[in-house]
1. Kindly establish whether Leu205 is among the aliphatic types (A, V, I, L, M) and either more than 23 Å from Val127 (Cα to Cα) or in a loop (DSSP other than H, G, I, E, B) (or both).
2. Among the residues of the stretch 1-42 satisfying the criterion of being free of Cβ contacts under 8 Å to residues at least 12 places away in the same chain and open to solvent by 40 Å² or more (accessible area, probe 1.4 Å), which is nearest to Leu164 (Cα to Cα)?
3. Six or more apart or on different chains, Cβ atoms under 6 Å: show the pairs whose first residue is in the stretch 406-432 and of a type in the set (A, V, I, L, M) and whose second is at pLDDT 90 or above and open to solvent by 60 Å² or more (accessible area, probe 1.4 Å).
4. Within the stretch 519-528, does at least one residue satisfy the condition of being in a helix (DSSP H, G or I), out of contact with any helix residue (DSSP H, G or I) (no Cβ under 6 Å at 6 or more places or on another chain), touching a residue at least 60 places away in the same chain (Cβ under 8 Å) and closer than 27 Å to Leu392 by Cα?
5. Is one or more of the residues making up the stretch 357-370 among the hydrophobic types (A, V, I, L, M, F, W, C), surrounded by fewer than 21 Cβ atoms within 10 Å (Cβ to Cβ) and more than 25 Å from the chain's Cα centre (by Cα)?
6. Return the residue satisfying two criteria in turn: it lies in the stretch 100-122 and is in contact with a Ser or Thr (Cβ under 9 Å, 6 or more places away or on another chain) and not hydrophobic (A, V, I, L, M, F, W, C), and of such residues it is farthest from Leu25 (Cα to Cα).
7. Taking the stretch 208-229 only, how many residues are buried (at least 17 other Cβ atoms within 10 Å of the Cβ) and part of a loop (DSSP other than H, G, I, E, B)?
8. Among the residues that make up the stretch 431-439, is at least one of them open to solvent by less than 40 Å² (accessible area, probe 1.4 Å) and under 19 Å from Thr525 (Cβ atoms)?
Amino acid sequence: YKTSRFINFAYASMGSLAGVTAIGLHLEKGLPFFAALPVGVLIGIVTGALVELVVRRFRNTSRLILTVASIGIAQILSVIEAGIAVRGLGFVSLTGGFDIPLNLSLDMGVKTLFGDEILIMLVVPPVLAGLAWFLLRTDVGIGVRAAAENEDRALLLGIPIRRLTTIVWMVAGGLAALTYVLKAPFAGVTPGLASAGPLLLLPALAAAVIARMESLPTAFAAGIGIGVMEALIDWNAPNTPTLRYLVFLILILAALLLQSGKLSRAQESGASTWSSLGVLKPTPSELRDLPEVRWPRRVVMALAALAMVLVPMTWSPSNLYLATVAIIWAMAAVALVILTGWGGHISLGQFAIVGVGAMVAGNLIQRWNVDLFLVLVVSGAAGAVISLVVGLPALRIRGLFLAVTTLALAVALDQYVLNFNNFPDLIPTDVKRPLLFERFDLADGEAMYLLCLAFLGLAVLAASGVRKARSGRVMIATRDNQRAADAAGVPTTGVKLGAFLVAGVISGVAGGLHVVVVASLNPGTYPPSDSLTVFATAVIGGLGSLSGAIIGVLTFRFIETLTFLGDVPGLGNIRPLLTGGMLLVVLLALPGGLGQLLFNLRDKYLVRVAERRGILVPSLVADKREGGAGDDVGLLQGALSDEPAAGAPPAEEAAGGDAAGPDTAEPETEPATPDSEPVGAR
């Protein structure tokens, strides 16, 4: 982070790929351990260099997009790792530990340290000291930190940024591999398990967040403290080792809430929002009421609705069940559009909020047989509360840190809360589908599907209403320029909380429906990988619009049903390879997602309509104007009133989305002079 200003969620997968290969060579091919250790580090260095070639393609994008791209890289690396381990080395898994050829022991009274633990004590301190020396004292370390602060100025000073960045990624890959290999003798090895990435990464993220991704000594001390905490939990609560994941969540929340909200200049530049991920404009007002524009849109929407209602009715019960679950995933995508696409906050744990709503709803139905609609109200409220609690750090610190918080929530829910060993009485195991209105038996798959589809429609209508209203315009204005919004008197705190509130309600209701569909909750029902998948597929579809995100999620839920894309001998499940690759392609080529293709086709049709009618539509024929200070102030003026301010693009057009809003031609204005530059423009 100090050298690139983004959170690399592929770091654990980089170390896992190299570490699994090294351990496989040791256990399956007979390579001595102390030879496999440097081999693993070398493979990690090469992996880091190769990953940097992919990351280099995103050098001109925001740090937020680069952070999301690292999720796709992690998914691809997990499939490659499984192929190397299983097909190349015949190495399936190692649940327990293994002995290393270091016959040392250290008796500390209550604990005896053996060779594998003593090796860590011998290796890690000099490695960390060397890392600090590299970053703080060498010309390369100083150069990469300078480039992270101000890349343009570093280029003017003649700093070879690309070469230095490659060196940094090589060092990162080597450190990740060393970490994995040193831990493997007592932690075990599971090749190609993509869902294990967040579990491996979370302790390091907790320590780094406590250090605000800035101070190496603080991160080192926090890491030692977290290690002591884990040992205390293992010693005093051996039956609940997953308690550590709840502690990680509490530590991350406390660290972000207790820290000052003031960011450094480099951190502020890296804390950009999702506004740069494509702009999807509504239909121009000059053409919106024309019959050849209005009726095709209505026909397309009607055909899509009929297809979603009628086509699944011809499917088998098992496929209809999968379609019902896909509809619930689409509701989570709607929540992500509000929170990430319009609010600018990355949420990597949205499906965990769905899980909270499911747990609340399941208990109400199983224990007290509460009416389903009242259950959904309560589950929506529970989702809103959890969403607000997790989103509190966003009120103080913007951007990437919220992704860490939501990921910690997903891990804590999966590992600690939904665990029969911890809360056997709170996990519903027999949720019966009720009789709706004393007429519609939800045990029938068709009735259950139609109910979920109706709630998806309500979620879309609610989100569209928020988008068209003043609250939606203010939300997007705050996302694009919070400083200007504060200067214009926008209650940015309330705007942020509103985004978390609405997204939490939709996710909680989705959870209430989901527990009725699946009939019971079990460990692994809401793994962190599902939260990452729903986020990735929503981005592939297009988080700038409701239709795009829903298309992306439904498309990939359908792809998951294809048997030839399931488990491949020697590779395991290759679907992460598809989603990860598509995510990278979309972030590079289609910033607006697959939905951008549909909107481009629509715009071409609108251009022909305008030419045939002889109507001049500036938004269709003019080049995209470069965003400046006047744009931000005009956008805010439009957000604070019912009509856009003169000289400013409409809020809906400036931020994109499905909603149709007022659209006026933009008059020519004189360029702003330095003396008249609006407050907050810089």
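The values are calculated or read from the model by the stated rules, or taken from the named source; none is laboratory data. Quick caveat, the model's predicted, so the values are computed rather than measured. Methodologically, a virtual Cβ is constructed for each residue, glycine included, from the backbone with ideal geometry; neighbour enumeration extends over all protein chains shown. Remember, those area values only see protein heavy atoms, side chains included, never the ligands or the DNA or RNA. Shrake-Rupley method; radii C 1.70, N 1.55, O 1.52, S 1.80 Å.
1. Values: among the aliphatic types (A, V, I, L, M): yes; either more than 23 Å from Val127 (Cα to Cα) or in a loop (DSSP other than H, G, I, E, B) (or both): no.
Here the answer is no, as Leu205 does not meet what is asked.
2. If we take residues in the stretch 1-42 being free of Cβ contacts under 8 Å to residues at least 12 places away in the same chain and open to solvent by 40 Å² or more (accessible area, probe 1.4 Å), then Pro38 is nearest to Leu164 (Cα to Cα).
3. Val431/Gln366
4. Looking only at the stretch 519-528, we keep the residues that are in a helix (DSSP H, G or I), and these are 528.
Filter once more, keeping what is out of contact with any helix residue (DSSP H, G or I) (no Cβ under 6 Å at 6 or more places or on another chain): none.
No - not one qualifying residue is present in the stretch 519-528.
5. Going through the stretch 357-370, the residues among the hydrophobic types (A, V, I, L, M, F, W, C) turn out to be 358-361, 364-365, 368, 370.
Filter once more, so that each one left must be surrounded by fewer than 21 Cβ atoms within 10 Å (Cβ to Cβ): 368, 370.
Now restrict to residues that are more than 25 Å from the chain's Cα centre (by Cα): 368, 370.
Yes, that holds for at least one residue.
6. Here the answer is Thr112.
7. Number of matching residues: 3.
8. Keep residues of the stretch 431-439 that are open to solvent by less than 40 Å² (accessible area, probe 1.4 Å), which gives 431, 434, 436.
Keeping just the survivors that are under 19 Å from Thr525 (Cβ atoms) gives 431.
Yes - at least one qualifying residue is present in the stretch 431-439.
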